[in-house]
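Worksheet: one structure, shown below.
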């Protein structure tokens, strides 16, 4: 594959430098910045997804139990992993009490 087939200009530069066996410090800095940005984007997307799930769970709980959610359950939601949040969202359908959902 030649460098022109890479859609991203940074990748074109990287492949060109690899072919020449010469990577200059400026290109290394650009690669590092790109990698850091990709890592940050992934973290922001994950955190946004997590916050969206927490908001949905809180709304569903308020609607199901027709009341505000006690603070202890809100705090518990904030410390849960994505996997745990998904389990809680499923339990909302089958459980009759908040205790059943969070235990």
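Derivation of every value follows stated rules applied to the coordinates shown; laboratory data play no part. Worth saying up front: this structure is predicted, and the values here are computed from it rather than measured.
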Is segment 8-102 best put as rounded, prolate or oblate by its Cα gyration tensor, with a ≥ b ≥ c the root eigenvalues, rounded for a/c under 1.5, and otherwise prolate when a/b is larger than b/c, oblate when not? prolate
By its C-alpha gyration tensor, with a ≥ b ≥ c as the square roots of the eigenvalues, how is segment 25-81 shaped: rounded for a/c under 1.5, else prolate for a/b larger than b/c, else oblate? prolate
